[in-house]
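Since the structure comes first, as structure tokens, the remarks are kept for the end.
Here, each number is a calculation from the coordinates, and none is a lab measurement. Being a predicted model, the structure only gives us computed values, none of them experimental. Glycine also receives a Cβ, built like all others from the backbone with ideal geometry; neighbour counts cover every protein chain displayed.
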Amino acid sequence: MRLILLGPPGAGKGTQAQRLVKKHGIVQLSTGDMLRAAVAADTPIGQRAKDIMARGELVPDDVVVAIVADRIDQPDARKGFILDGFPRTVPQAVALDRMLSAKGMKLDGVIELKVDANILHDRIANRVAQAQARGEALRPDDNPDVLRRRIEAYRDQTAPLVDYYRGRGVLGSVNGMAPIAEVADAIDRVLAAALPSKPAGKKAVSKTVAAKRTAATKLAAAKSAGQQKPSAARSARAPAGRGTGRAAAARGKTTLHKSKSRRG
Ligand code: ADP
């Protein structure tokens, strides 16, 4: 399963990502965490990102895209991943599309956590207070001025992704103002609606297999009876071809990703 969690700072992406990781056995890829690790390790990327992050601005697309491209190639991401904090701009989303299609992969869904901007300050203040109570070091960008800039960066550069993914038919919006458990249920419902492609696909595929088996049986019977004609072989193969078409049609109907695609 490959998902994106979309929402402003304080929307609850991290909380929900952790739950989904446990539930689905996939990895959470947080560009914020990766960049903070790079800053802490003082790598060249960390040096480039440090001041930008402290100001609450966005790190250049090429830097973040390179980190993600490298990360999704790691073995632990093979089963799937949740992207948290990426993509954050339309060019990043375009780069992600390109990256995934080059690997023959696609997104299963994009979950938008919708929250009222007025509560974000309170939520982050809460998070800071809790981290302080646990004796943890504070993030340099967890202060009111920088938070305002992070929220602006979201509104100006990231919010357009809502339309981008809606246009691709992969967006599911969830009320992020509800209690954590309710948000979790709503996300599960969105995913359940987005993923019935699997059973539908399987059913259709098994029909295809059944058609192929029937064809093979007919062919074998014809052979053993010494009556095989090329036309018989062709017509025996035909239902399998149509079955594949139906399978594709069924997948197109039941998944969120293919409909209304404006890709390209
Ligand atoms: P938040 O708590 O605001 O959701 P994150 O932990 O995801 O923030 O990211 C913290 C900072 O890291 C951002 O303000 C930004 O400077 C940088 N960053 C993280 N992800 C990206 C990205 N995809 N593109 C550009 N900058 C990013």
Original post:
Over 19 Å between Cα atoms, which of Lys79/Lys106; Lys13/Lys106; Lys79/Lys114; Lys23/Lys103 qualify?
Top reply: Lys13/Lys106; Lys79/Lys114; Lys23/Lys103
Original post:
How much length is gained if the chain between Thr43 and Ala181 is pulled fully straight, taking 0.36 nm per residue apart and subtracting their Cα-Cα distance, in nm to one decimal?
Top reply: 45.9 nm
Original post:
What does the highest-first list of 68-78, 162-172, 86-96, 184-194 look like by mean Cβ count within 10 Å?
Top reply: 86-96, 162-172, 184-194, 68-78
Subject >> Estimated FRET transfer efficiency (Asp145, Ala66; beta-carbon r; R0 35 Å; 0.05) >> reply: 0.75
Subject >> For the stretch 1-133: rounded, prolate or oblate by the Cα gyration tensor [a/c cutoff 1.5] >> reply: oblate
Subject >> Added length on full extension, which subtracts the Cα-Cα distance from 0.36 nm per residue, Gln74 to Lys103 >> reply: 9.2 nm
**OP:** May I ask which residue of Leu147, Leu191, Ala159 lies farthest towards the positive end of the charge dipole of the stretch 140-201, with charges of +1 (Lys, Arg) and -1 (Asp, Glu) on Cβ and the Cα centre as origin?
**Re:** Leu191
**OP:** Quick one: give the max-minus-min coordinate of the C-alpha atoms of the stretch 131-187 along each principal axis, largest first, in Å.
**Re:** 43, 29, 15
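Given a Förster distance of 51 angstrom, what is the FRET efficiency for His24 paired with Asp51, based on the Cβ-Cβ distance and rounded to 0.05?
Once the sixth-power term is evaluated, E becomes 0.90.
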Original post:
Remind me, relative contact order of the stretch 1-136 in percent, using alpha carbon pairs under 8 angstrom and six or more residues apart?
Top reply: 43
